[in-house]
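Worksheet: one structure, shown below.
The values are calculated or read from the model by the stated rules, or taken from the named source; none is laboratory data. Values in this document were obtained by computation on a predicted structure and should not be read as measured data. With ideal geometry, Cβ positions are generated from the backbone for all residues, glycine too; neighbour counts draw on all protein chains shown.
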């Protein structure tokens, strides 16, 4: 209970700090951070899967579902409130996750990764040819309201969306931290290590994987809806394999130990991408590749492993998996 | 004593190799049963069938009169049958504490929680008791990957005895352990499970250990049981001496 209260208190403090930082930050940085949080949520879902030994190369499916759910609700039903649109994004992720999880939860390794990738490419192909959903051009969205409040001007709108995205992010991050520290969270780490033993202790590895898959789908749905509101536009590229690859990139960059590291990595990556694409417009993907290579070579546990490594490395003690940060 | 485990006509073949040929055994509650036999004799196949890892080609496994044949290992565990492994099956990247907490948390009546920490007061009290019972306290915070083989064997058994299984199967609990450590290890294991009401089946190659810790012995050869009785009787059996212990004149 003390751990849970500590996590909730930390989330509250994090939200207050973000709100103040966003108020002082320039508009472009607020926009970058909003988008980073949206993508960080998707990566957090992949982290939930990674803790159980699985990597999805198709989270674009749920990211896209969340974005289109929000977009269609706005265009077809004139729903304009961000909270409702994000809730619909989460619902789309949940429904799709519940439908797909039983089919994929038995697969492991490259088979699981490939099947998720295949699903995302099917969605991508269908959306490209569905002209009622905008085809390859996609859909444009107008600025949302926030619990009835309509910001005046783009700067206020950007800050309001940032505040809302920060709120959603800290809530999701806190819930994930609590889940990761729970019995079921520990079960995921165990499944990653030794499925046979876990089954012999009376737990179903398939169920553990299924739960993680649904969590990842919901987070991706939320991330997709937030991205759609942030960009004001959605198109089939949300489901493209390169988009899914970017989320995996983020998850590897952050590692599976720390929840905070996921969002630090997301902001870092968005900044690297923004500056690289401005100053090296044709080679920024190469710069990102080198960045990832260095992380894998010198920090295989990701950014999240940096703190426990620094803390324990000097003593020559190996950090156990999933130690809370 | 009443029958806890009954296997009826168990058969299992891997291609042309018969690993279990009509194995019928009745194990009474509270027995300490040693399973002996050469490599490939069918001992581990028997354990694997009883614990749900293998489905028999024919035959039935009854626990307390209930048919558990072909159930998945987790269902068999939930029916009260637990096991340890010849090569300890642990969660290598986790600490000893996390490994034992996992074993304690999974079968609790309130179910597996998605928000309650594994380090609840109830779990920690049981963990302390388990650490003392198996003399593992000094390794509590250490990652499994860095622990010596004998300690891993103990942890493997400690995880298997949580939640008081009715039937405990130990697959070669002393294999890979130095000769001088075998008896101390078995002493710790038998003392640790001595207080429980578990019926114990253990696979073993060391006849001295079988003689000391079993009150009944099953000798396997080529997928069949060639002798069944008290240790002295079985170990002096001519067929056992010829095919299993290699002590026949």
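Odds and ends about this structure:
- Any chance residue B:112 is under 21 Å from residue A:205 (Cα atoms), within 10 Å of chain A (Cβ to nearest Cβ) and free of Cβ contacts under 8 Å to residues at least 12 places away in the same chain: yes
- Residue match in segment B:176-187 (condition: more than 23 Å from residue A:192 (Cα to Cα) and within 14 Å of another protein chain (Cβ to nearest Cβ)): no
- Here residue B:59 does not qualify as away from every other protein chain (no Cβ under 14 Å) and surrounded by 20 or more Cβ atoms within 10 Å (Cβ to Cβ).
- Qualifying residue in segment A:60-68 (condition: more than 15 Å from the chain's Cα centre (by Cα) and either surrounded by fewer than 24 Cβ atoms within 10 Å (Cβ to Cβ) or part of a helix (DSSP H, G or I) (or both)): yes
- Filter result for residue B:193 (within 30 Å of residue B:246 (Cα to Cα) and within 13 Å of the chain's Cα centre (by Cα)): no
- Annotation note: of A:90, A:21, the sole residue that is surrounded by fewer than 16 Cβ atoms within 10 Å (Cβ to Cβ) and either at pLDDT 95 or above or assigned to a helix (DSSP H, G or I) (or both) is A:21.
- Residue list for segment B:75-107, filter: more than 7 Å from chain A (Cβ to nearest Cβ), part of a helix (DSSP H, G or I) and within 23 Å of residue B:44 (Cα to Cα): B:75, B:76
- Verdict on residue A:47 being in a helix (DSSP H, G or I), closer than 29 Å to residue A:181 by Cα and touching a helix residue (DSSP H, G or I) at 6+ places or on another chain (Cβ under 7 Å): yes
To keep it simple, each residue is scored yes or no on (1) closer than 24 Å to residue B:98 by Cβ; (2) in a loop (DSSP other than H, G, I, E, B); (3) without any contact (Cβ under 8 Å) to a residue 60 or more places away in the chain.
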site	(1), (2), (3)
B:138	yes, no, yes
B:141	yes, yes, yes
B:155	yes, no, no
B:158	yes, no, yes
B:170	yes, no, no
B:191	no, no, yes
B:200	no, no, no
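- Test for residue A:228: is it assigned to a helix (DSSP H, G or I) and in contact with a strand residue (DSSP E or B) (Cβ under 7 Å, 6 or more places away or on another chain): yes
- Within segment A:138-156, the presence of a residue that is part of a helix (DSSP H, G or I), away from chain B (no Cβ under 14 Å), under 24 Å from the mean Cα position of the chain (by Cα) and farther than 30 Å from residue B:85 by Cβ is excluded.
Listed here are the residues, each with its yes/no results for (1) within 14 Å of another protein chain (Cβ to nearest Cβ); (2) surrounded by 12 or more Cβ atoms within 10 Å (Cβ to Cβ); (3) at pLDDT 85 or above; (4) in a helix (DSSP H, G or I).
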| residue | (1), (2), (3), (4) |
| --- | --- |
| A:266 | no, yes, yes, yes |
| A:287 | no, yes, no, yes |
| A:306 | no, yes, no, yes |
| A:310 | no, no, no, yes |
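- In the set (1) more than 10 Å from chain A (Cβ to nearest Cβ); (2) surrounded by fewer than 21 Cβ atoms within 10 Å (Cβ to Cβ); (3) under 30 Å from residue A:177 (Cβ atoms), the condition left unmet by residue B:65 is number (3).
- Just one of the listed residues (A:250, A:293) is over 30 Å from residue A:7 (Cα atoms) and modelled with pLDDT of 85 or more, and it is A:293.
- From the list B:125, B:145, B:118, the one residue that fits, being buried (at least 22 other Cβ atoms within 10 Å of the Cβ) and either out of contact with any helix residue (DSSP H, G or I) (no Cβ under 7 Å at 6 or more places or on another chain) or within 7 Å of chain A (Cβ to nearest Cβ) (or both), is B:118.
- Filter result for residue A:178 (within 14 Å of chain B (Cβ to nearest Cβ) and either more than 22 Å from the chain's Cα centre (by Cα) or in a helix (DSSP H, G or I) (or both)): yes
- From the options A:211, A:196, A:215, A:222, residue that is assigned to a helix (DSSP H, G or I) and more than 14 Å from chain B (Cβ to nearest Cβ): A:222
- Subset of segment A:96-107 (residues that are exposed (fewer than 14 other Cβ atoms within 10 Å of the Cβ) and touching a residue at least 60 places away in the same chain (Cβ under 8 Å)): A:102, A:106
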